[in-house]
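Every read-out reported here was derived from the displayed coordinates using simple, explicitly stated rules and does not represent laboratory data. Computed from a predicted model, the values in this text were never measured in an experiment. As a convention, Cβ positions derive from the backbone with ideal geometry for all residues, glycine included, and neighbour counts pool all protein chains shown.
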Amino acid sequence: MSSSSTAGQALHRLGVVELAAQLDAGQLSSVEITRHLLDRLPEPQSRAGLGAFICTNAEVALAQAAAADARRAAGERGPLLGVPLAHKDIFVTRDFASTAGSRMLAGYQSPFDATVVANLAAAGAVTLGKLNCDEFAMGGANENSAYYPARNPWDPSRIPGGSSGGSAVAVAARMLPAATGTDTGGSVRQPAALTGVTGIKPTYGRCSRYGMVAFASSLDQAGPIARSALDCAHLLKAMSGFDERDATSAQQPVPDFAAAAVAPRAGAGAARPLEGLRIGLPREFFGDGVSAGVLAAVRGALSELEQLGATLVDVSLPRTELAIPVYYIIAPAEASSNLSRFDGVRYGHRADDYKDLNELYRKSRSEGFGPEVKRRIMIGTYVLSHGYYDAYYLQAQKLRRMIADDFQAAFAQCDVIAGPVAPTTARTIGSQSDPVAEYLADIFTLPASLAGLPGMSLPAGFSDGLPVGLQLIGNYWREAELLQVGHQLQQATDWHLQAPATLA
Ligand code: GLN
């Protein structure tokens with residue numbers, strides 16, 4: 001089929017599964033899809049557009065697309081073979097500069113691909129470019145990018161959430177069917193929620209962290225962002241697996257997430273697909289701090305799940321509030337250690353003038369890091385310092401264990417846990433100058449991160465025209481169960497199909 005007739009089908013509106021079906025049927029080539037998407041990207045990627053991308057490379061993308069078409073022509077098949085996507089600029093890539101959203105790494109060229117990037121390339125996915133993010137993934141609004149903020153396609157005066165903001169914007173604005181993100185304390189789930197798309201952070205250890213620029217090593221996990229649970233399932237399958245180059249990646253079998261997502265949970269004889277599923281609602285997730293509009297949307301999604309056969313049960317995660325101080329001690333502590341490698345000698349930015357080695361370090365780091373990164377390095381250095389270590393870091397580690405134990409107590413009463421992703425819908429850009437107030441917005445995503453549990457964000461409707469996300473948290477290695485619940489919800493509702501009105 002010619003590219004003019006395929007362009008008429010609004011290819012950018014198709015998801016991963018739909019694109020793969022057209023590729024399988026020979027109705028489209030990967031080159032046609034890739035060209036169509038590249039043509040739609042605002043030029044140049046800058047403050048003028050939604051700020052989703054930090055860089056693109058049409059030549060590289062089209063060469064990858066042609067290679068995918070050749071693999072199909074040779075008889076190979078696969079759900080991602082020839083499907084375009086892009087990576088959060090926290091993953092290092094050989095074919096594109098890797099900045100981590102920081103001036104420190106401006107123009108940095110990695111000699112290798114991150115394992116997640118390599119895995120997706122092996123599955124035949126085509127990379128269009130690198131997506132905007134908060135500097136070193138520190139933030140929840142994408143306002144900490146050293147380049148420009150990413151903007152929410154539902155209202156470009158608003159944040160898209162962070163730190164994987166560019167990933168969520170690109171998927172929500174139909175620039176791409178899917179993207180990678182990373183989640184340390186909520187950075188896949190929050191931007192997915194605030195832009196009305198689907199994202200899943202798997203169990204810690206599911207995806208290799210090799211080649212993910214490290215923020216907080218005991219928390220960082222890769223995860224896909226796409227427009228449906230089923231599309232996420234296909235990406236997650238390709239992204240996952242043991243990697244001998246990451247000592248924290250798990251030797252855990254990777255299920256066929258897509259097959260699991262579409263399988264009816266309740267078995268063939270049951271009247272309703274989620275019959276028997278117990279969904280735990282932690283009372284701490286439904287309190288005063290949540291806006292009425294978010295609560296109403298979340299409750300609406302929960303009643304859809306009830307109609308599909310699920311039972312709602314009350315549970316408690318009593319240390320929810322403590323997740324904020326615990327995370328904002330542990331994550332900066334690990335960040336201060338990880339970011340010590342940026343010394344102006346081995347990587348990235350180097351100051352022009354310096355008298356001696358100390359001044360080289362000081363000036364390179366002062367110039368290369370933005371204010372939020374410096375704040376985290378200072379907090380982290382403080383809590384790890386002699387005399388404060390026991391009072392802060394050690395206490396935080398003990399509480400982290402107790403937070404994980406609370407989840408296990410809750411999972412004795414339910415199969416999955418549900419609640420809001422964020423307490424409010426997207427705020428306007430520039431409206432939050434208090435970093436501590438900003439940290440509070442992470443209250444519902446941090447607990448699962450600290451426990452290492454999988455968490456998912458699903459579109460759950462709107463409040464005043466802005467998307468709301470439903471969060472599902474599962475027990476360890478049970479991503480398939482979350483994807484299954486998400487897929488059933490998306491079979492029964494159309495929130496995930498809504499697109500911002502500004503789109504053609
Ligand atoms: N908002 C959190 C932070 O600023 C989480 C970021 C993330 O998950 N990368 O640390």
(request) Putting +1 on Lys and Arg Cβ atoms and -1 on Asp and Glu Cβ atoms, find which of A396, A422, A499 reaches farthest to the positive end of the dipole of the chain. (result) A396
(request) Order the peptides 187-197, 422-432 from the highest to the lowest mean number of other Cβ atoms within 10 Å of their residues. (result) 187-197, 422-432
(request) Towards the positive end of the charge dipole of the chain, with charges on Cβ (+1 Lys, Arg; -1 Asp, Glu), say which of C232, G380, L360 has the farthest Cα. (result) L360
(request) Could you give the size of the charge dipole of the chain about its Cα centre, using +1 on the Cβ of each K and R and -1 on the Cβ of each D and E, expressed in debye and rounded to the nearest 20? (result) 320 debye
(message) Using the Cα centre of the stretch 128-253 as the reference point, and only Cβ charges (+1 on K/R, -1 on D/E), how large is the resulting charge dipole? Debye, rounded to the nearest 20.
(response) 300 debye
(request) Bin width 5 Å, alpha-carbon pairs only: give the P(r) of the stretch 73-231 as whole percents, running from 0 to the bin holding the largest distance. (result) 2, 11, 20, 24, 22, 13, 5, 2, 1, 0
(request) Mind scanning K237/K374; K88/K355; K130/K237; K88/K237; K201/K398 and naming the pairs with a C-alpha gap bigger than 26 Å? (result) K237/K374; K88/K355
(message) If amide hydrogens are placed 1.01 Å from N in the peptide plane, which non-local residues have theirs closer than 5 Å to the one on T184?
(response) Q221
(request) With N denoting the number of residues in the stretch 204-339, provide Rg(C-alpha) divided by 2.2 N^0.38 Å, to two decimal places. (result) 1.31
(message) So if I average 1/r over every pair of distinct C-alpha atoms in the stretch 335-409 and take the inverse, what Kirkwood radius in Å does that give?
(response) 14.4 Å
(request) Report the equivalent ellipsoid semi-axes for the stretch 91-185 in whole Å, largest first, defined as the square roots of five times the eigenvalues of the gyration tensor built from alpha carbon atoms. (result) 22, 16, 11
(request) Let me know the Kirkwood hydrodynamic radius for the stretch 255-307, please, with Cα pairs as the basis and the value in Å to one decimal. (result) 13.4 Å
(request) Return the FRET efficiency for the residue pair D353, S431: r is the Cβ-Cβ distance, R0 is 30 Å, and the value is rounded to the nearest 0.05. (result) 0.20
(request) Please label the shape of the chain as rounded, prolate or oblate, based on the square roots a ≥ b ≥ c of the eigenvalues of the alpha-carbon gyration tensor (a/c under 1.5 means rounded; beyond that, a/b larger than b/c means prolate, else oblate). (result) oblate
(message) Can you order the peptides 414-421, 299-306 by their average number of other Cβ atoms within 10 Å per residue, highest first?
(response) 414-421, 299-306
(request) Give the residues of the stretch 121-137 whose amide nitrogen is closer than 16 Å to a point set 7 Å from the Cα of T248 in the direction of its Cβ. (result) 136-137
(message) I need the peptides 327-336, 177-186 ranked by packing, meaning the mean over residues of other C-beta atoms within 10 angstrom, with the highest value on top.
(response) 177-186, 327-336
(message) If each DSSP helix of 4+ residues adds -39,500 (n - 2.57) and the sum is divided by the residues in the chain, what number results at 222 nm, nearest 500 deg cm²/dmol?
(response) -11000 deg cm²/dmol
(message) Give me, ordered by chain and number, the residues 5 or more places off L85 or on other chains with an amide H under 5 Å from its own placed amide H.
(response) V126, T127, L128
(message) Can you list which of the DSSP-assigned H helices in the chain have a Cα extent of 18 Å or more along the long axis and an average Kyte-Doolittle score of at least 0.5?
(response) 292-307, 323-338
(request) Report relative contact order for the stretch 374-504 in percent, whole number only (criteria: Cα-Cα under 8 Å, sequence separation at least 6). (result) 22 percent
